[in-house]
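Report on one structure; see the data block that follows.
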Amino acid sequence: MTGAVDSLTERAVIGEPPRIAVMGRTVAPLLALAVFINYVDRGNLATAAPLIKDQFHLSVAQIGLLLSAFAWSYTACQPLSAWLAERINPYRTLAFGLALWAVATALSGLATGFWMLIALRVALGVGESAAFPCSSKLLAQHLPSHRLGAANGLIAVGLALGPAFGTFFGGLMMAKAGWRTVFIVFGLASLIWLLPWWRATRHAAAQAQPAPSEPSPTFRAILARRDLWGAGIGHFSSNYAFYFVISWLPLYLVKARGFTISQMAEIGGLIYLVYAASAFLTGQVTDRWIRAGGSDTLVRKTATTLSHVSVAATLMVCAFAGRDLAVASLFCAGFAFGLNTPNIYAIGQTLAGPRAGGHWMGVQNGLGNTAGIVGPIITGLVIDRTGQFFWAFVIAAVVALLGAVGWTLVIRRIEPLDWAAPVRSA
């Protein structure tokens, strides 16, 4: 496997092992770009929600159902994508997934009604489920723990810039050309990524084979680990708050705060830029702290706890504050999200180790993304019932705060698990 990865480049960065240099120079940036595309395509619906709601005469609860449809298949297919990453390889699995979600995005621009959009969002979720199991498999297999923060920070930049680009440019395009044009253009443009990915990884994809002497632990073995459930709780809580913002921010700014579509696009785009900068810096700082002698446990738990407490506080401010203070608090929430994102994946990759990185993240991401199923539905019902966003913000803040329990108390130590050792408690 190492030989396959080494063939991706003719020379390594001086002072770096070849496999690490390849990940940093070639594969990791393309993974970040894939996640960027992932979040542009999944976030288009939230940006278009005010327009789609009016065109199809939908209730807020129906918008919530539409936003959650993506997560039905996305969550359910996480273990399947992790299995395919092991069975085929992560390079090809990710390519197949991106092709599927790009086509689903383009076809959404031709949707004629509510149920057709539901079906295409489900197809989008199937394709996008490949992104994080495949990227985590590759990073865990080829990078040491003290470099996982920076690599995941780079991917988190793609995660944050996707909504920024989709909200800002997508919102401005929708204001001028309509939401259908944006879906078609963004979907077809996504397919372009396949060319550099194929050129960069074709040799590794052809040669990559699972190591028979060290098979990946089974899903049952992973589910038996207490640390998995701690990571799942933390991931769920983080995603609930993040999906709340990414899914409802456009509708909140337009319908509840009175901003125009163009103003919403500018505010939303800037919030995600803050998120991207925070995530990138967090990845760099946490890795430097670990190389300076800090333990993975201290460094990762400090960052995740600070993030969850800060997100909860900022969302609670939004529930009570006026328009200007609420918008300022959303910028603070963007910064707080960035403290967590690189560490969510670095913790799972460290615990799982090279053997279990793909399977572990398939399970952890599946647990975490159940928030994408229940969150939009709960939020839609609450807003329909109360006629305002107040209780929706309060619920998201409480759930965000609970995530600190998973990272700090359920997970005892952040270090590679011994998969050969018997499990004493689940």
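The values are calculated or read from the model by the stated rules, or taken from the named source; none is laboratory data. These numbers come from a predicted model, not from an experiment. Virtual Cβ from ideal backbone geometry, glycine too; neighbours counted across all protein chains shown.
Numbers for the structure displayed
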read-out	value
Residue within segment 410-419 that is under 27 Å from residue 125 (Cα atoms) and of a type in the set (Phe, Trp, Tyr) present	no
Filter pass, residue 93 being over 18 Å from residue 121 (Cα atoms), assigned to a helix (DSSP H, G or I), modelled with pLDDT of 90 or more and of a type in the set (Val, Ile, Thr)	yes
Residue within segment 295-304 that is farther than 18 Å from residue 340 by Cβ, under 24 Å from the mean Cα position of the chain (by Cα), of a type in the set (D, E, K, R) and assigned to a helix (DSSP H, G or I) present	no
Cβ pairs under 6 Å, 6+ apart, first in segment 333-359 and over 16 Å from residue 284 (Cα atoms) and at pLDDT below 90, second not in a helix (DSSP H, G or I) and not charged (D, E, K, R)	353/416; 355/216; 356/216; 356/217; 359/216
Count - residues of segment 305-329 that are of a type in the set (A, V, I, L, M), surrounded by fewer than 22 Cβ atoms within 10 Å (Cβ to Cβ) and within 20 Å of the chain's Cα centre (by Cα)	2
Selected residue [at pLDDT 95 or above, of a type in the set (Gly, Ala, Ser) and in a helix (DSSP H, G or I)] from 307, 247, 262	307
Filter result for the condition that a residue is assigned to a helix (DSSP H, G or I), touching a helix residue (DSSP H, G or I) at 6+ places or on another chain (Cβ under 7 Å), within 21 Å of residue 352 (Cα to Cα) and aliphatic (A, V, I, L, M), over 279, 200, 312, 231	231
Residue identified as at pLDDT below 95, assigned to a helix (DSSP H, G or I) and closer than 22 Å to residue 153 by Cβ among 267, 271	271
Verdict on residue 405 being of a type in the set (Val, Ile, Thr) and farther than 22 Å from residue 53 by Cβ	yes
Residue tally, condition farther than 20 Å from residue 182 by Cα and either assigned to a loop (DSSP other than H, G, I, E, B) or modelled with pLDDT of 90 or more (or both), over segment 33-69	3
Unmet criterion (only one of (1) surrounded by 23 or more Cβ atoms within 10 Å (Cβ to Cβ); (2) of a type in the set (A, V, I, L, M, F, W, C); (3) under 29 Å from residue 384 (Cα atoms)) for residue 186	(3)
Residue 30, sole failed condition from (1) over 15 Å from the mean Cα position of the chain (by Cα); (2) modelled with pLDDT under 90; (3) not in a loop (DSSP other than H, G, I, E, B)	(2)
Residue that is more than 24 Å from residue 173 (Cα to Cα) and out of contact with any strand residue (DSSP E or B) (no Cβ under 7 Å at 6 or more places or on another chain), where the choices are 52, 88	88
Looking only at segment 51-69, and only at residues there that are closer than 23 Å to residue 126 by Cα and of a type in the set (S, T, N, Q), the one that is farthest from the chain's Cα centre (by Cα)	62
Lone unmet requirement of (1) buried (at least 18 other Cβ atoms within 10 Å of the Cβ); (2) out of contact with any Leu (no Cβ under 8 Å at 6 or more places or on another chain) for residue 93	(2)
Test result for residue 375, closer than 23 Å to residue 140 by Cβ, of a type outside the set (D, E, K, R), in contact (Cβ under 8 Å) with a residue 60 or more places away in the chain and in a helix (DSSP H, G or I)	no
Filter result for residue 336 (within 19 Å of residue 75 (Cα to Cα) and of a type in the set (A, V, I, L, M, F, W, C))	no
Unique residue being surrounded by fewer than 18 Cβ atoms within 10 Å (Cβ to Cβ), modelled with pLDDT of 90 or more and not in a helix (DSSP H, G or I) when the list is 424, 413	413
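Matching residues to (1) under 30 Å from residue 218 (Cβ atoms); (2) in contact with a Ser or Thr (Cβ under 6 Å, 6 or more places away or on another chain); (3) of a type in the set (Asp, Glu):
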| site | (1), (2), (3) |
| --- | --- |
| 313 | no, no, no |
| 330 | no, no, no |
| 335 | no, yes, no |
| 343 | yes, yes, no |
| 347 | yes, no, no |
| 354 | yes, no, no |
| 361 | yes, yes, no |
| 366 | yes, yes, no |
